[in-house]
Every structure is written in C-alpha cells, then in structure tokens.
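The values are calculated or read from the model by the stated rules, or taken from the named source; none is laboratory data. Remember, it's a predicted structure, so these values are computed and weren't measured experimentally. Note that we place each Cβ from the backbone using ideal geometry, even for glycine, and neighbour counts take in every protein chain shown. Heavy atoms of the whole protein, side chains included, go into the accessibility calculation; ligands, DNA and RNA do not. Shrake-Rupley method; radii C 1.70, N 1.55, O 1.52, S 1.80 Å.
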Amino acid sequence: MEQRHLGRTGLRVSRIGLGTLTWGRTEESDAAELLKVFWEAGGTLVDTADVYGDGGSEYLLGRLIERLVSRRDLVIATKAGSVPDPERRFDGSRGHLLAALDASLARLGTDYVDLWQVHAFDPATPLDETLQALDIAVSSGRARYAGVSNFCGWQLAKAATWQLAMPGARTRIASTQMEYSLLQRGVEREVLPAAIDLGVGLLPSSPLGRGVLTGKYRRATPADSRGASDQMAPFVAPYLDDAAGHIVDAVATAADGLAATPLQVALAWVRDRPGVTAPIVGARTAQQLTAALSVETLSLPDEICQALDDVSAPVHRYPDHDWSTL
C-alpha cells in the first residue's frame with residue numbers, strides 16, 4: 001500500500017487507515033483477523049480512542065501487538081478528551097488529557113503512541129492549556145506526533161497557528177480527523193482549506209458515508225447491517241434521505257462504468273481529495289476490510305471525479321465564495 005506523509009511532518013502512514021470504533025464489542029479472534037488482513041496488505045495506521053468500547057478497543061489492540069504484528073510495524077493513533085458526562089461531553093484540561101494518555105498507554109501495553117489526538121474542542125478550557133498537554137506528551141516521549149479531531153475551521157486554524165508561533169518550542173499539529181465523504185462535504189468550507197494552508201493532514205472518518213455509499217441500503221436495510229441495529233441505526237439514519245439516495249445512485253452508475261464496486265468508487269474519491277492523508281475505514285469482518293483495501297489499485301478518471309463532485313456539491317455561499325459574484 002502506498003505510504004503518505006502525515007501533513008507537513010516526517011511521519012509516513014498507509015493511505016488507508018484501520019478504524020477500531022467497534023472493537024470494544026468485537027471478539028479477539030475477529031479483531032486479530034482484521035489486523036492481520038490490514039497489515040498483510042501494507043496497512044500501518046491503526047486508529048482508536050480511549051472511549052471506544054470504554055477502553056476496550058485500546059485493550060484489545062494492545063493484546064494483539066507483538067503477538068500478531070510487531071509494534072514497530074504499526075502507526076498507532078489514539079484520542080483523548082471525550083468523557084461520559086452528560087454535563088460536560090469534552091474535557092480538554094491538561095490534567096484530564098495527560099491522565100487519559102497514561103491510561104491509554106497502559107491499555108495498549110506500549111510506552112508511546114505515534115499520534116495522539118484531542119478528540120474534540122473543549123470550550124470550557126483555554127485552548128493554550130489543551131495544546132500544552134500535547135507539548136508535554138511529545139516532549140516526554142509518550143507521543144511522537146500530535147493532532148486534533150472534530151475541530152471546526154477557526155478552531156483548527158487557531159490551534160495550528162499557535163503551535164507554529166514558536167518553532168521548536170511547541171509541537172506542530174500534524175493532523176485533524178473529521179467526517180468526510182461524498183455524503184458529508186462540510187469540511188470543504190473552512191476546515192480543509194485551513195488544513196492545506198497550515199500543513200495539517202486530514203484523516204477522514206466515515207469515508208463511506210457510514211456505510212451508505214456501499215449501496216447496501218438502496219433497496220432495503222439489511223438485517224445484519226448497522227442500520228438495522230438498535231445502537232447504530234440513529235448513526236446511519238441521517239444519510240438515508242432522498243438527497244443521499246441520488247448521490248448513492250450516481251456512485252453506483254460510476255462503479256458500473258468502471259467495472260468496480262460502489263465502495264471502491266466512494267473510497268477512491270475521498271482518498272485522493274486534496275489535503276487528505278488517509279481515510280479511516282471501519283469493518284466488521286475481514287471480508288469487508290478486504291473489499292475496502294482492494295481500492296489500492298483504483299484511480300478514478302477525471303471525468304468521473306467531476307461528475308461525482310457535481311452531484312454531491314454542497315451549497316457554499318457567502319462568505320465562502322467571492323462576495324462580488326453573489
């Protein structure tokens with residue numbers, strides 16, 4: 001698998017990442033098979049978080065490291081900052097973040113993570129305090145690189161600029177993880193332009209539109225799908241409207257013309273967008289993951305990309321477009 005630099009850093013990662021959101025509910029044997037398939041395909045970037053499965057995802061990944069894949073062969077990314085408190089969903093305080101990192105390292109069974117990400121912006125904590133936690137994590141060797149997740153455009157720009165203000169004294173923001181797909185192009189308003197300008201690599205989550213872009217929901221909801229489960233149905237539902245249906249139909253048409261699958265077309269589109277480093281793909285089975293990894297050999301023709309751009313184009317007006325044209 002092709003390797004890409006993460007933003008404007010020296011860290012190289014596979015251009016498809018493996019997501020572990022559901023590993024807290026996954027059997028160890030199934031997770032082992034997923035990791036083995038991913039690694040054998042040349043994948044290196046494995047993404048998790050301290051809240052995935054209440055820590056179960058990190059614990060399971062830690063059990064598989066060394067026994068299945070050598071630690072040095074993986075780029076492990078985790079997150080901290082989300083908390084199970086209805087009164088305060090995010091805690092970006094220095095104390096919480098550093099304690100969460102130590103707990104993550106214990107579950108993962110490693111001395112360091114390659115990429116440590118703030119899971120979300122915390123409006124109740126001064127941003128410079130949150131960023132200081134990243135500096136401490138890297139300077140102490142507990143993290144090699146640092147990033148953010150779910151920051152809007154101004155939040156990302158402020159954080160990345162703050163870190164660049166004193167070269168060598170602060171840790172560069174290497175990445176931002178955001179939902180991005182043909183069904184969700186909101187990051188193109190401000191987040192993506194800021195990321196490109198500031199040398200921050202984008203790690204798209206849900207690059208298949210929460211599974212909808214595979215086309216499996218076109219006629220009905222499969223009984224074994226996320227959309228049919230009590231836990232995940234609300235997660236999928238926003239992308240089952242008529243507007244999404246038109247985009248899914250266009251993806252299916254493009255796939256037919258290319259002798260490919262809708263999954264391959266949708267994933268190739270987001271993988272090769274400007275500013276994108278590596279989409280994060282979650283899979284329940286090795287068969288699903290193999291299907292996603294098969295996109296490595298596919299590059300979309302320019303005319304197909306343009307057609308998909310047109311059919312899925314979000315409405316961006318003032319101030320995103322030149323005001324004089326409005």
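In the stretch 304-323, the qualifying residues are those that are over 10 Å from Leu182 (Cα atoms) and of a type in the set (Asp, Glu), and the one that is modelled with the highest pLDDT is Asp310. Based on this model, can you work out whether Gly257 counts as over 30 Å from Leu115 (Cα atoms) and modelled with pLDDT of 90 or more? Here the answer is yes, as Gly257 does meet what is asked. Restricting the stretch 113-132 to residues that are assigned to a loop (DSSP other than H, G, I, E, B) and hydrophobic (A, V, I, L, M, F, W, C) leaves a set whose member that is farthest from Arg71 (Cα to Cα) is Ala124.
Within the stretch 57-90, the set of residues being closer than 20 Å to Glu27 by Cβ and out of contact with any Asp or Glu (no Cβ under 8 Å at 6 or more places or on another chain) comprises Ser57, Tyr59, Leu61, Gly62, Ile65, Glu66, Arg67, Leu68, Val69. Inside the stretch 143-187, residues that are open to solvent by 70 Å² or more (accessible area, probe 1.4 Å), under 30 Å from Val251 (Cα atoms) and part of a strand (DSSP E or B) make up a count of 0. Of everything in the stretch 195-246 that is open to solvent by less than 50 Å² (accessible area, probe 1.4 Å) and of a type in the set (Val, Ile, Thr), the residue that is modelled with the lowest pLDDT is Val236. Taking every residue in the stretch 254-271 that is β-branched (Val, Ile, Thr) and pairing it with any residue that is assigned to a helix (DSSP H, G or I) and crowded, with 23+ Cβ neighbours inside 10 Å, at least 6 positions away or on another chain, the pairs with Cβ-Cβ distances below 6 Å are Val265/Val251; Val265/Ala254. Filtered by the rule that a residue be of a type in the set (A, V, I, L, M) and surrounded by 15 or more Cβ atoms within 10 Å (Cβ to Cβ), the stretch 108-142 gives Leu108, Val113, Leu115, Val118, Ala120, Leu127, Leu131, Ala133, Leu134, Ile136, Ala137, Val138. If you check Val75 against the conditions, is it at pLDDT below 95 and either within 19 Å of the chain's Cα centre (by Cα) or closer than 22 Å to Met178 by Cα (or both)? No, not satisfied. Could we say that Ser14 is out of contact with any helix residue (DSSP H, G or I) (no Cβ under 8 Å at 6 or more places or on another chain), hydroxyl-bearing (Ser, Thr, Tyr) and open to solvent by 20 Å² or more (accessible area, probe 1.4 Å) here? Answer is no for this residue.
Number of residues in the stretch 27-58 that are more than 14 Å from Lys79 (Cβ to Cβ), without any contact (Cβ under 8 Å) to a residue 40 or more places away in the chain and touching a Lys or Arg at 6+ places or on another chain (Cβ under 9 Å) equals 4.
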